[in-house]
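Q: Below you'll find the structure I mean.
The values are calculated or read from the model by the stated rules, or taken from the named source; none is laboratory data. Just so we're clear, the structure is a prediction, and the values are computed from it rather than from any experiment. Reconstructed Cβ throughout: ideal geometry from the backbone, glycine too, with neighbour counts over all protein chains shown. Heavy atoms of the whole protein, side chains included, go into the accessibility calculation; ligands, DNA and RNA do not. Shrake-Rupley method; radii C 1.70, N 1.55, O 1.52, S 1.80 Å.
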Amino acid sequence: MLPSHYSCVTLFLRVLVANILLAQSHMNKSKHLFWYRQALASLIIGCLQVSCYVLNATAFDGPPSSPYAWYQDEGIRFDGATITAWENSGADGNKRSLTRVVGQPAAVRVQSATGIRTIARLHKSASIWQTVQSWGTLSQERTIILFAHVPSNNQGTLFDGSTRSGSTPVRWDQGNWQTSAKASTADPNSVWQVHQFEFDSSSKPTGGLIVGANVSTGDTLSCDIAEILIYPRLLSQAEQAQAHSYLIKKWGNPQVLPPAQQPQPHVHYEDPRIRRTVVRKSGDDGVHTYRIPGLATTTQGTLIAVFDARNKNGADLPGDIDVAMMRSTDNGESWSPMQRIIDFDSAVPGSRGNGVGDPAILVDRKNGTIFVAALWSKGARAWNESGPGLSPEETGQLVLVKSTDDGRTWSKPISITSQVKNPDWLLCFNGPGNGIQLRNGTLAFPAQFKIRTENQTKDAPQVSSHSCFIASTDGGITWHISPAAIPRGVPTSESSIVELEDGSLLLSMRNESRAGIRAWSRWTWEGDLRKGKWSEPWFAVTDPTCMASLISHPHGELIFSNPNSPDRRVALTIRSSNDQGQTWSAGRLLEHGGAMYSSLTVLADGSIGILYESTDAAGLVFARFPLDWVLEGASLPTKAEGRLETTGKFGWWPSRHAEKIVETEKAEFEIAFLGDSITQGWENTGEEAWQKHFLPRKAANCGFGGDSTQHVLWRLQNGEICAASPKVVVLLIGTNNVRHGDFSPEQIAAGIQSIVDHLRTQSPNSQILLLGILPRGVDPTDPLRQKCEAVNQLLPRLADGSKVHFLNVNDRLLMPDGTLSKDIAPDSLHLSRKGYDILAESIMPTLERLSTSR
């Protein structure tokens with residue numbers, strides 16, 4: 001196996017031949033043949049020395065063939081400085097790639113023996129892993145080799161299986177390996193070295209793989225890893241020597257490069273309308289991990305947050321886990337101390353921690369009662385171990401607690417398992433997050449159950465899971481369960497539920513087929529909720545097989561939150577639907593990095609609250625934002641979108657549009673200014689400049705505060721400007737796309753182009769003066785300023801010099817050092833009177849030329 005560096009050798013040899021020919025040519029013409037012969041000899045010797053040096057530096061054998069999985073530096077994928085996946089370079093490709101991430105493993109650039117390469121740094125409880133379903137199980141003899149830097153004074157698990165049944169941990173404890181495998185001896189004097197582990201046929205199988213932690217992610221190891229080789233056999237001594245030689249020659253003693261040469265973390269602009277509070281983080285109140293959020297707003301406007309308090313480690317049930325609760329009476333600004341509201345005695349013998357978790361919360365708005373549902377696992381009675389039956393000794397229990405005093409005190413838990421579970425099923429419990437109350441008063445929780453399938457065998461019984469809901473028509477006293485939303489086909493589990501305008505129920509389901517997309521179905525009924533039927537399922541919205549949240553806003557939209565990735569729990573995105581869930585917006589990015597489960601609620605003031613799992617915060621974060629923030633990102637910059645509401649922040653918008661239609665019909669203007677609040681500002685702060693420069697030239701102002709490209713496009717498509725065929729259209733748009741949408745510069749420029757294209761088609765005689773997006777932010781380092789400039793770099797290509805003309809006047813508005821002064825833009829965006837004067841004077845020469853060239 002030859003490394004790519006052999007191309008260097010080829011290049012040197014080609015240079016050698018070329019120089020020989022050149023030297024020979026000179027020799028033939030030279031009278032000083034001796035000196036040219038000497039030079040030629042030196043040249044040959046020098047080139048050969050260089051070639052030998054390159055060959056010596058790069059010619060190393062590859063590792064032994066046919067690895068089960070191979071993780072090398074070329075496979076490290078990272079976003080900013082955070083690793084998002086470690087792809088498998090083995091024969092099966094991405095089948096065994098490590099695409100699941102805990103914490104923030106970092107990509108670090110190093111100088112290796114063969115050039116600059118990337119290693120994985122696992123720190124602060126970071127790990128990378130893959131499920132047993134995707135990675136597989138190694139039950140035979142196997143060899144695992146790593147090239148790594150493991151500090152001698154550290155302790156923790158280097159790698160493990162990702163399931164309890166496949167757990168084969170390899171643990172480091174201050175210079176020594178603790179493992180059932182035969183481990184190579186660590187050299188305390190070497191920083192980077194090869195570590196080899198041999199599992200013989202008597203070893204427990206390795207099912208799935210997690211690197212940097214044990215199966216429960218509770219025992220992590222801070223270390224640097226350059227490469228991992230995994231073989232489904234014991235290697236011969238020759239193969240071991242080959243693998244070790246390959247790693248040592250390739251990596252040498254890697255040296256970390258200076259910070260300037262490292263991958264740089266993303267710079268994210270925090271919209272001031274988003275308020276965030278870290279509610280719980282690892283270690284608070286002595287709890288190892290907080291997970292599985294549920295959130296609701298009570299009839300008194302109090303926020304109730306419920307969640308798993310995983311006391312000993314981060315693993316799922318069974319374990320020592322309690323359902324805990326916190327209250328906020330100020331819309332999430334501050335929170336009460338944590339209170340454990342479902343807590344079974346973890347010391348009960350054989351109870352495996354007697355844990356309870358996966359909570360969901362529901363408020364009865366008729367009387368203010370708050371219900372919390374959860375799964376109790378007395379012993380091994382959780383997702384993987386629960387069996388048929390109804391008792392706690394046989395199967396997991398669906399338990400309820402309630403509060404009648406706005407969450408201050410809570411009842412003892414009761415089990416409703418016998419009411420909703422078929423004894424033949426393996427498990428039945430709620431979907432985590434939140435339940436709902438229907439308009440007729442019925443209470444409903446999303447739910448799920450597991451059954452054995454008909455195709456089971458004695459040695460390998462098959463199971464399937466199904467989403468559904470449970471409901472109570474008598475205030476939570478008795479409950480019944482619906483049929484499976486998808487009885488045959490893809491398995492589903494955790495779900496969210498809303499009531500639609502027609503009274504049907506919409507279920508959004510976690511798709512256990514791992515297809516990277518969510519499953520949906522509607523329950524329609526008349527008269528009796530029990531006598532309904534499910535629609536055919538459909539599949540929409542990217543999802544990495546994760547719990548998600550779905551709520552209905554009083555304004556009429558459905559709001560949905562989930563990680564926006566088909567295979568990674570990252571990029572928590574908030575979407576909206578104005579057609580009852582038939583289609584969904586592109587969404588707004590709330591959390592860029594690792595974010596998993598989430599739970600939404602509508603706050604007392606109509607804004608939206610969300611409690612979600614954040615890897616950056618290592619716990620649970622509460623955020624709140626107005627509905628407008630979600631709706632502003634509802635469509636792409638190239639997709640027309642009107643603001644049709646008559647109340648709220650943009651309630652004035654439809655009436656202003658109607659006024660502009662009347663102006664268009666009169667066709668009494670020759671110049672039209674089209675844009676957002678900066679354009680509309682000619683009517684107030686910029687009024688003096690407008691009257692001086694533009695009003696005498698019969699100008700009309702079609703600026704709408706808050707508009708993005710999609711809103712301007714809608715206005716044009718619905719009667720503004722074009723029918724009047726003005727001499728010139730002055731277009732200034734895009735800054736709101738930069739701030740209020742998670743769009744790339746290319747997408748924003750495409751939205752501006754859509755407007756230009758529409759103007760050229762509908763008003764072909766008009767000249768178009770396209771202005772560059774004005775500067776925002778105090779100095780050039782502002783992320784929004786930089787994004788605006790990135791868009792401006794793309795806009796000149798829209799100009800043709802005939803009908804479309806581009807003009808960037810930003811240098812007239814900025815100080816010599818690139819700063820935007822307060823006397824030009826008091827809020828670092830909108831112009832002052834002085835700013836409008838400068839803008840008017842800057843565009844007037846071009847405007848005069850265009851208005852007379854028609």
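Q: Can you compute the FRET efficiency between Thr524 and Thr299 using 1/(1 + (r/R0)^6), with r the Cβ-Cβ distance and R0 = 30 Å? Round to the nearest 0.05.
A: With a Förster radius of 30 Å, E is 0.55.
Q: On to the next question. Taking only the alpha-carbon positions of the chain and ignoring solvent, what does the Debye formula give for the base-10 log of I(q)/I(0) at q = 0.08 Å⁻¹?
A: Values returned for q = 0.08 Å⁻¹ are -0.87.
Q: Search the structure for amide H atoms under 5 Å from the amide H of Asp616, placed 1.01 Å from N in the peptide plane, and list their residues when 5 or more places away or on another chain.
A: Gly594
Q: What would the Debye formula give as log10 I(q)/I(0) at q = 0.15, 0.27, 0.31, 0.32 Å⁻¹ for the alpha-carbon point model of the range 511-557, no solvent?
A: Those come out to -0.58, -0.98, -1.03, -1.06, one per q.
Q: In the P(r) worked out for the range 66-183, what percent of Cα pairs fall beyond 26 Å?
A: Tail of the P(r) past 26 Å holds 20 percent of the pairs.
Q: Which of the trypsin sites (Lys or Arg not before Pro) found in the range 629-667 are loop residues per DSSP with 15 or fewer other Cβ atoms within 10 Å of their Cβ?
A: Lys639, Lys649
Q: On to the next question. Can you run phi through the Karplus equation (6.51, -1.76, 1.60; θ = phi - 60°) for the range 655-666 and list ³J(HN,Hα) in whole Hz, with x for Gly and Pro?
A: Computed from phi, the couplings for the range 655-666 are 5, 5, 4, 4, 5, 6, 5, 4, 4, 4, 5, 6 Hz.
Q: Something else: For the range 328-470, state the semi-axes of the equivalent ellipsoid (square roots of 5 times the eigenvalues of the alpha-carbon gyration tensor), sorted largest first and rounded to whole angstrom.
A: Value: 30, 19, 12 Å, ordered largest first.
Q: Projecting each Cα onto the charge dipole of the chain (Lys/Arg +1, Asp/Glu -1 at the beta carbon, about the Cα centre), which of Phe449, Ala540, Ile752 comes out farthest on the positive side?
A: Ile752
Q: I've got another one for you. Can you tell me how much longer the chain between Ala604 and Arg488 gets when fully stretched, taken as 0.36 nm per residue apart minus their C-alpha distance, in nm with one decimal?
A: The span from Ala604 to Arg488 would gain 37.7 nm if fully extended.
Q: If you don't mind, another one. For the chain, which whole percent of the accessible surface, found with a 1.4 angstrom probe, sits on carbon and sulfur atoms?
A: In the chain, the share of accessible area belonging to carbon and sulfur is 50 percent.
Q: I've got another one for you. Percent relative contact order of the chain, based on C-alpha pairs within less than 8 angstrom and at least six residues apart?
A: Here the relative contact order equals 7 percent.
Q: Moving on. Each residue of the range 346-360 in turn: what ³J(HN,Hα) in whole Hz from Karplus with 6.51, -1.76, 1.60 and θ = phi - 60°, glycine and Pro shown as x?
A: Here the 3J(HN,Hα) series is 6, 8, 4, x, x, 8, 6, x, 6, x, 9, x, 6, x, 9 Hz.
Q: Can you list the trypsin sites (Lys or Arg not before Pro) in the range 291-387 that are in a DSSP coil and have 14 or fewer other beta carbons within 10 angstrom?
A: In loop regions of the range 291-387 (DSSP not H, G, I, E or B), the sparsely surrounded trypsin sites (Lys or Arg not before Pro) are Arg365, Lys366.
Q: Another question, if that's okay. Can you grab the distance from the C-alpha centre of the range 809-831 to the C-alpha centre of the range 99-150, Å, no decimals?
A: The range 809-831 and the range 99-150 have Cα centres spaced 48 Å from each other.
Q: For the range 778-854, max minus min Cα coordinate along each principal axis, in Å, sorted largest first?
A: 39, 27, 19
Q: What number comes out for the charge environment of Gly651, summing +1 per Lys or Arg and -1 per Asp or Glu over other residues with Cβ under 13 Å away?
A: Surrounding charge for Gly651 is +1.
Q: For the range 512-651, what class follows from the C-alpha gyration tensor (a ≥ b ≥ c being the square roots of its eigenvalues): rounded when a/c is under 1.5, otherwise prolate if a/b is larger than b/c, else oblate?
A: It is rounded, given that a/c, with a ≥ b ≥ c, falls under 1.5.
Q: Need one number for the range 483-549: average projected area of the convex hull over its C-alpha atoms, nm².
A: One quarter of the hull surface, i.e. the mean projection, equals 4.4 nm².
Q: With contacts defined as alpha carbon pairs under 8 Å and 6 or more residues apart, what's the relative contact order of the range 164-235 in percent?
A: This gives 30 percent for the range 164-235.
Q: Expressed in nm², what is the orientationally averaged projection area of the convex hull enclosing the Cα positions of the range 111-247?
A: Averaged projected area of the range 111-247's Cα convex hull equals 8.2 nm².
Q: Between the range 353-393 and the range 472-509, how far is it from one alpha carbon centroid to the other, in angstrom?
A: One Cα centre to the other: 17 Å.
Q: What is the distance, in nm, between label points placed 7 Å from the Cα along the Cα-to-Cβ direction at Ala540 and at Gln339?
A: Each label point is offset 7 Å from its Cα along the Cβ direction, giving 4.0 nm.
Q: Taking θ as phi - 60°, what are the ³J(HN,Hα) couplings along the range 579-587 by the Karplus curve (6.51, -1.76, 1.60), each to the nearest whole Hz, with x for Gly and Pro?
A: Ordered by residue, 3J(HN,Hα) equals 10, 6, x, 6, 9, 10, 5, 4, x Hz.
Q: Further question: Would you kindly calculate the translational diffusion coefficient of the range 569-726, applying Stokes-Einstein with the Kirkwood radius from alpha carbon pairs, for 37 °C and a viscosity of 0.692 mPa s, and quote it in µm² s⁻¹ without decimals?
A: 182
Q: Let's test the formula: R0 of 60 Å, r as the Cβ-Cβ distance of Lys649 and Ile477. What FRET efficiency results, to the nearest 0.05?
A: Working from the Cβ atoms, E equals 0.90.
Q: Using the Cα atoms of the range 177-256, I'd like the radius of gyration and the largest Cα-Cα distance, Dmax, both in angstrom.
A: Reported Rg and Dmax, both Å: 13.9, 40.
Q: Kirkwood hydrodynamic radius for the range 685-768: how many Å is it when counted over pairs of different Cα atoms?
A: 13.9
Q: Based only on the alpha carbon positions, what is the Kirkwood hydrodynamic radius of the range 405-450, in angstrom?
A: 12.9
Q: What pairs from Lys250/Lys787; Lys281/Lys412; Lys402/Lys533; Lys281/Lys402; Lys727/Lys822 go past 32 Å between their alpha carbons?
A: Listed pairs above 32 Å: Lys250/Lys787; Lys727/Lys822.
Q: With each pseudo-label sitting 7 Å past Cα toward Cβ, what's the Thr404-Asp502 distance in nm, one decimal?
A: 4.0
Q: Find me the longest stretch of the chain that has none of the exposed chymotrypsin sites (Phe, Trp or Tyr not before Pro), where exposed means in a DSSP loop (not H, G, I, E or B) with at most 15 other Cβ atoms within 10 Å.
A: Maximal segment without exposed cleavage sites: 270-651.
Q: Search the structure for amide H atoms under 5 Å from the amide H of Ile608, placed 1.01 Å from N in the peptide plane, and list their residues when 5 or more places away or on another chain.
A: Leu603, Phe625, Leu627
Q: Okay, moving on. Using every alpha carbon pair in the range 442-511, what percent of pairs falls into each 10 Å bin from 0 up to the bin containing the largest distance?
A: Computed distribution, short to long bins: 19, 43, 26, 10, 2.
Q: Also: With a bin width of 10 angstrom, please list the P(r) values of the range 400-495 as percents of all Cα-Cα pairs, from the 0 bin to the one holding the largest distance.
A: Reading upward from the zero bin: 14, 42, 29, 11, 3, 0.
Q: Taking the Cα centroid of the range 617-681 and of the range 190-243, what is the distance between the two, rounded to the nearest whole Å?
A: Cα centroid of the range 617-681 versus Cα centroid of the range 190-243: 57 Å apart.
Q: How high is the relative contact order of the range 520-581, in percent, counting Cα pairs under 8 Å that sit 6 or more residues apart?
A: 24
Q: Here is a further query. Sequence neighbours fewer than 8 away in the same chain don't count; with that in mind, list the aspartates and glutamates whose C-alpha is under 20 Å from Lys450.
A: Asp316, Asp358, Glu385, Glu393, Glu394, Asp424, Asp459, Glu494, Glu512
Q: Once you have the Cα-Cα distance between Ser821 and Lys692, take 0.36 nm times their residue separation minus that, and quote the gain in nm to one decimal.
A: 44.0 nm
Q: Quick one: if the Förster radius is 45 Å, what FRET efficiency do Lys124 and Gln793 give, using the C-beta to C-beta distance and rounding to 0.05?
A: 0.75
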